[in-house]
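S.K.: Sharing a structure below in structure tokens format, with a few things to ask.
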Amino acid sequence: MTPIQIKSDALERIKNFKLPESLGFGSVLTPVMIYSDFRDGAWGPLIMAPYADLSINPTMKVLHYAQEIFEGMKGYLSPEGEPLLFRPEMNAKRFNYSARMMAMPEIPEETYLSAVHAITHLSKDLIPTESGSSLYIRPFMFATDISLGIKPSETFRFMAVASPSQSYFKPGDLNVFIERHAVRACPGGVGTAKTGGNYAASLKSATKAATFNCQQTLWLDALEHKYIEEMSGMNFMAIENGKLITPSLTDTILAGITRDSIIKLAPTLGLEVEEKRIEINSLLENCRSTAATEAFACGTAVIIAPITKFVEEDKTEFKTSIPTGDWSMKIRNKLLEIQEGRTSGPQGWSVRVEKTY
Ligand SMILES: *Cc1c(COP(=O)(O)O)cnc(C)c1O
């Protein structure tokens, strides 16, 4: 693992930190951060420091041209009190995929993983233990060149911070707005990368969705506005005629690690999986005919959240026949059992956190 320079006051800050009563999601941060700077074509050392504001030059490239990428991961505490990560090397690989998409330098997987292990290990006494809550870990990288010229930056900062968090949605909380006009990602674009701009571009629709009492937008394909793609930060799945269906991956759908894990777990629970193009109108018809029994969102933050209802712009509502989820909750529990180390999953999924500092 990559060596880490640790500032002594970082350890001090962790020791003296008290978790507030109520955590929410992503708003309480552990009092440390880890970073490395890229310049002259190479990554510098990993440095662990007390969490603090950054000093940013007004013409730093990321502020103007959004050359930025991120990841979302979770740390869990096993019943024995050991910190665990879930398939972390998948996030390391996807981080570098996003980097290539955004003309940014890759970071050695080992360095990425050392940083994630270090911040999780250092924050281990701050991992909430209630099932469904966890330490949400946010590695990210941004362009730091100082200049208004539109060209790829030559200097970058990689960082990771960690947030003790409760679950993202309470069950029964997820209404989904069907977005028939705006699009999230175009063929040939950067929709498969976790880059800030994709999320900025989803916010106008999120504001509109909220006026329909919806917490998420369901995006359709850019060319025909006909096929289901995903939500703004999570993938889409449904149970139809007793089968789990999900849109097949294209260059406009982000390849979720939760999605991949569910596709691998479902058959072990006796549920057949089909990846295919899913027409929104046929799914809605199947809601009416009760062939569609469940629909749900999946991603690291939400894990699995059953979709209570779909809402159209003209306010028509569609519900699956089991809007509280049956298979959805079964798969969610199985996945959580593995993530929280209560049962062993496939080889290499649950990884024990090492002290890398
Ligand atoms: C992060 C993300 C997902 C889910 O990916 P996971 O690896 O399961 O967390 C799905 N869609 C989008 C657009 C995302 O940004």
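S.K.: Quick one: would you say residue 241 is in contact (Cβ under 8 Å) with a residue 40 or more places away in the chain, more than 14 Å from the ligand (Cβ to nearest atom), among the polar types (S, T, N, Q) and within 17 Å of residue 325 (Cα to Cα)?
M.R.: yes
S.K.: Scanning the stretch 268-305 for residues that are aliphatic (A, V, I, L, M) and farther than 17 Å from residue 326 by Cα, which turns out farthest from the ligand (Cβ to nearest atom)?
M.R.: 284
S.K.: Next question, about the same structure. Yes or no: residue 150 farther than 18 Å from residue 70 by Cβ, in a loop (DSSP other than H, G, I, E, B) and of a type in the set (A, V, I, L, M)?
M.R.: It is true that residue 150 is farther than 18 Å from residue 70 by Cβ, in a loop (DSSP other than H, G, I, E, B) and of a type in the set (A, V, I, L, M).
S.K.: Further, regarding this structure: Please go through the stretch 229-249 and pick out each residue that is under 19 Å from the mean Cα position of the chain (by Cα) and closer than 19 Å to residue 281 by Cβ.
M.R.: Across the stretch 229-249, the qualifying residues are 229, 230, 231, 236, 237, 246, 247, 248.
S.K.: Is there any pair with a first residue in the stretch 138-151 that is in contact (Cβ under 8 Å) with a residue 24 or more places away in the chain and within 25 Å of residue 114 (Cα to Cα) and a second that is among the small types (Gly, Ala, Ser) and assigned to a strand (DSSP E or B) whose Cβ atoms are under 8 Å apart and which are 6 or more apart or on different chains, and what are they?
M.R.: Cβ pairs passing all conditions: 138/160; 138/162; 138/163; 139/160; 140/160.
S.K.: Can you name every one of the strands (runs of 3 or more DSSP E) wholly within the stretch 216-283 that holds 3 or more residues which are assigned by TED's automatic domain parsing to the domain that holds residue 329 and not charged (D, E, K, R)?
M.R.: 216-219, 235-240, 243-247
S.K.: Hey, another quick one. Give the residues of the stretch 289-307 that are farther than 20 Å from residue 254 by Cα and either modelled with pLDDT of 95 or more or among the hydrophobic types (A, V, I, L, M, F, W, C) (or both), sorted by residue number.
M.R.: Passing the criteria: 289, 291, 292, 293, 294.
S.K.: Also: Quickly run through the stretch 184-201 and pick out the residues that are part of a loop (DSSP other than H, G, I, E, B) and within 7 Å of the ligand (Cβ to nearest atom).
M.R.: The one that is part of a loop (DSSP other than H, G, I, E, B) and within 7 Å of the ligand (Cβ to nearest atom): 194.
S.K.: Being closer than 15 Å to residue 297 by Cα and either touching a helix residue (DSSP H, G or I) at 6+ places or on another chain (Cβ under 9 Å) or within 11 Å of the ligand (Cβ to nearest atom) (or both) is true for just one of 254, 249. Which residue is that?
M.R.: Only one candidate passes the filter, namely 254.
S.K.: Could you look through the stretch 257-267, keep only residues that are surrounded by fewer than 16 Cβ atoms within 10 Å (Cβ to Cβ) and under 23 Å from residue 89 (Cα atoms), and pick out the one that is nearest to the ligand (Cβ to nearest atom)?
M.R.: Top of the filtered list is 260.
S.K.: Another question about this same structure. What pairs come up if the first residue lies in the stretch 272-288 and is in contact (Cβ under 8 Å) with a residue 12 or more places away in the chain, the second is of a type in the set (S, T, N, Q) and outside any loop (DSSP other than H, G, I, E, B), and their beta carbons are under 6 Å apart, counting only those six or more places apart or on different chains?
M.R.: What qualifies is 275/246.
S.K.: Here's something else I'd like to know. Among (1) at pLDDT below 95; (2) surrounded by 15 or more Cβ atoms within 10 Å (Cβ to Cβ), which single condition is residue 131 missing?
M.R.: (2)
S.K.: Among what's in the stretch 53-103 and is without any contact (Cβ under 8 Å) to a residue 24 or more places away in the chain and not hydrophobic (A, V, I, L, M, F, W, C), pick the residue that is farthest from residue 131 (Cα to Cα).
M.R.: Among residues in the stretch 53-103 that are without any contact (Cβ under 8 Å) to a residue 24 or more places away in the chain and not hydrophobic (A, V, I, L, M, F, W, C), the one farthest from residue 131 (Cα to Cα) is 58.
S.K.: Then there's this: Name the one entry in 137, 146 that is modelled with pLDDT of 95 or more, of a type outside the set (Phe, Trp, Tyr) and touching a helix residue (DSSP H, G or I) at 6+ places or on another chain (Cβ under 7 Å).
M.R.: Criteria check complete, one pass: 137.
The values are calculated or read from the model by the stated rules, or taken from the named source; none is laboratory data. The model shown is predicted, which means the values in this text are computed figures rather than measured ones. Cβ sites come from the backbone with ideal geometry, for glycine too, and all protein chains shown count toward neighbours.
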